[in-house]
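Following: one structure in structure tokens, then a few remarks.
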Amino acid sequence: MRTKRTPAPQPDSGSDVVLPRRIHLVPLDNIAGFDVRPGLYETNGATAIPGGVNFTVHSHGATSIELLLFHREQDEPFAVLPFPEHYRIGNVYSMIVFKLDIEEFEYAYRVDGPYEPEQGLIFDNTRYLLDPYAKAVTGQSAWGNTTPYGQHYKARVVKDDFDWGKMASPLIPTEDLIIYELHVRGFTKDGSSGVEHPGTFAGLMEKLDYLQDLGVNAIELMPIFEFDEMLDYREFNGQKLYNYWGYNTVSFFAPNTSYTASSEYNREGNELKRLIKACNERGIEVYLDVVFNHTAEGNEMGPFFSFKGFDNNIYYLLTPEGYYYNFSGCGNTLNCNHPIVHQMIMDCLRYWVTTYRVDGFRFDLASILGRDEKGAPMVSPPLLRAMAFDPILGDVKLIAEAWDAGGLYQVGTFPAWNRWIEWNGRYRDDLRRYIKGDQGMAQAAALRMAGSRDIYDPAARHNASVNFLTCHDGFTLHDLFAYNQKHNEKNGWNNTDGANDNNSWNCGVEGETNDPEINALRQRMTRNAFALLMCSRGIPMFLAGDEFGNTQFGNNNAYCQDNITSWLDWSLLEKNQGLYRFFRYMIRFRKEHKVVRTDMSGGACGFPDVSFHGVAPWREQFDPHDHYVGVMFSGAERNVGPQIVYVASNSYWGQLDAALPQLPASMRWECVVNTWDEEQHTWMVDGNCFTIGPRSVMVFRAK
């Protein structure tokens, strides 16, 4: 006969974790005055549960770990709880601490172990260590806090109770994307932005109607993981210089608290979630620029606040002597394909997708993610492969910056599994040179506009190219046609930093000028560049502010400029309304003509899918002296019929007479874009011949 057992108490409906039914049947221990018991070993980080908090952390080389509890914003712990040896399974330490209110404490760890630097072991039990899985970080919450970086970072426990409602991701096909790269702080920090909460997620949300009107459908946010803007802080000529861009991660699971308009104690991330929800409701996807190639801990001389203290020889690539490899150019390199680091990165990506509903990731210096534990490139990197096939990541965009600072350049050869797409650095370089009139660039320009088929096999890597002419790293589009040379003197390095191969042209005068002819030429060159970007196969991306002629005054490496150099000057929107209208027009044109975006059916009306043309129709190969390129796209869309678009570009300094391909008798050519004019008007072509102005672009479609 079976006896009836009383059910164990069940978790309340608002808890984050479901506890085992027998949890309260285990006798409790008492440490430092707290009731504790072994925890949930597979739940990394600190998690609120009914009656307390679960703390789980791991270290391969540690001999002991202590949990430190702090009152909010205090530097000394009010309790120290060593993990008992029997609370350890394998290399995982886990403990539930009961009767803890998550709003009344912050936490960190101390880890002890061997100190053998030549073996990469540098355990130091005097250091306060930030949880690698911390969901919110304290110690650098106010932007520009001059407290020495790395001092006593602590973590908070986050209550995830955000209501997403019935929101679904837009799931925009890759060929339909128009990506807009922006810096959260710089986008609205200047007073000209007119927002109530400048420099924050909330400030960006105030500009969503503007972005929707512009027509972009994906925003790529420069780093928003918790980073240390005070890393390498200095003053030069009275100007405060910060690590403004944010490519120096402190915590991979925590949003940057200085990007919020108000304090979000234990609800960190809600403002960002509201932003993402508002974007998705408008049909705009949100991508994060993520930095898994290095951390803010730097090299041997850098700070020591997290990964160095848990397992330095696992988290970082080390030389045989125990020094840091520097394939990132920032002091250290994460050991991405070590199983422990691999797992952390995958956990991180899944967390941002499930908890924040992020639609995609752009991976900074992504080639590092394909290096082995000795730093050598791998043929089939486990981490990249895992991302490509992970079920949770199945719908998100994976965008690689397919090179690193160690000399590895993989544009077109990045391990992709037909899943990854790439920043196409060759598109940027070749189109820049062609647009400014360099000799011998016509063939390369035609290939880039046709989707870089010489780089990406259309059968194996469909829509793999992210086409861009500008991004955060380099000149703005305005500066591309206003400066021959970089002007980074305000960075304090005697203008030695930043790239020298800008492929720019100042149109006759270096920097700003009042000459109306030069300014008109610069505006036309900007229109040329954007027209070609919008009329190229692949995924277009451009830099925030390009649509109204924003300038960085010739600085092509504004990583440290937290001022008007990097902030958008929204007063230029009114000054350059014509340019803004042209950007809107070209974005709308791209959306209305699928044949420009992707191969629809292999051609139409007897024309191939893509064909090249000179001033006379049908040109397979261009000569070195050619400055005219015609690219024609054709295809048939179900229920729409045939689409034929011809893009004519003249990078020559004189006008040219050209001819369009002969259309079927029932069709005529219509001109829909002419960058020679600021305002766009459509007109029917009389026959097949036309004249294209010097340094200009025209677009025709068949009617």
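Is it the case that some residue within the stretch 652-660 is in contact with a Cys (Cβ under 9 Å, 6 or more places away or on another chain), touching a residue at least 60 places away in the same chain (Cβ under 8 Å) and not basic (Lys, Arg)? No - not one qualifying residue is present in the stretch 652-660. Restricting attention to the stretch 389-415 and to residues that are more than 24 Å from TYR247 (Cα to Cα) and among the hydrophobic types (A, V, I, L, M, F, W, C), the residue that is least open to solvent (accessible area, probe 1.4 Å) turns out to be ILE392. Restricting attention to the stretch 345-380, the residues that are under 21 Å from ALA416 (Cα atoms) and not in a loop (DSSP other than H, G, I, E, B) total 18.
Can VAL379 be described as open to solvent by 10 Å² or more (accessible area, probe 1.4 Å), β-branched (Val, Ile, Thr) and more than 20 Å from the chain's Cα centre (by Cα)? Criteria met by VAL379.
Applying the criterion of being of a type in the set (Gly, Ala, Ser) and surrounded by fewer than 20 Cβ atoms within 10 Å (Cβ to Cβ) to the residues of the stretch 543-598, the residue that is nearest to the chain's Cα centre (by Cα) is SER571. Among the residues making up the stretch 599-634, a single one is open to solvent by less than 10 Å² (accessible area, probe 1.4 Å) and not in a strand (DSSP E or B): GLY614. Being under 24 Å from HIS86 (Cβ atoms), at pLDDT 95 or above and either hydroxyl-bearing (Ser, Thr, Tyr) or open to solvent by less than 30 Å² (accessible area, probe 1.4 Å) (or both) is a property that ILE31 has. If the condition is being assigned to a strand (DSSP E or B) and either of a type in the set (Val, Ile, Thr) or open to solvent by less than 60 Å² (accessible area, probe 1.4 Å) (or both), then the stretch 635-646 contributes GLY635, ALA636, GLU637, GLY641, GLN643, ILE644, VAL645, TYR646. Taking the stretch 242-277 only, how many residues are assigned to a helix (DSSP H, G or I) and open to solvent by 10 Å² or more (accessible area, probe 1.4 Å)? Total satisfying the criteria: 5. Residue pairs whose Cβ atoms lie under 8 Å apart, separated by 6 or more positions or on different chains, with the first residue in the stretch 672-695 and free of Cβ contacts under 8 Å to residues at least 40 places away in the same chain and the second part of a loop (DSSP other than H, G, I, E, B) and among the charged types (D, E, K, R), are MET684/ARG668; MET684/LYS703; VAL685/ARG668.
The residues of the stretch 162-187 that are of a type outside the set (Ser, Thr, Tyr), part of a loop (DSSP other than H, G, I, E, B) and in contact with a helix residue (DSSP H, G or I) (Cβ under 7 Å, 6 or more places away or on another chain), listed by number, are PHE162, TRP164, MET167, PRO170, ILE178. Quick check, is TYR483 of a type in the set (Ser, Thr, Tyr), modelled with pLDDT of 95 or more, open to solvent by less than 20 Å² (accessible area, probe 1.4 Å) and part of a loop (DSSP other than H, G, I, E, B)? Spelling it out, TYR483 is indeed of a type in the set (Ser, Thr, Tyr), modelled with pLDDT of 95 or more, open to solvent by less than 20 Å² (accessible area, probe 1.4 Å) and part of a loop (DSSP other than H, G, I, E, B).
Checked against the criterion of being under 19 Å from HIS487 (Cα atoms) and surrounded by fewer than 22 Cβ atoms within 10 Å (Cβ to Cβ), the candidates GLU512, GLU517 yield just one match: GLU512.
The values are calculated or read from the model by the stated rules, or taken from the named source; none is laboratory data. This one's a predicted model, so the numbers in the text were calculated from it and none came from an experiment. No Cβ is skipped: glycine too gets one built from the backbone with ideal geometry, and neighbour counts run over all protein chains shown. We work out accessible area using only protein heavy atoms, side chains counted, and drop any ligands, DNA or RNA first. Shrake-Rupley method; radii C 1.70, N 1.55, O 1.52, S 1.80 Å.
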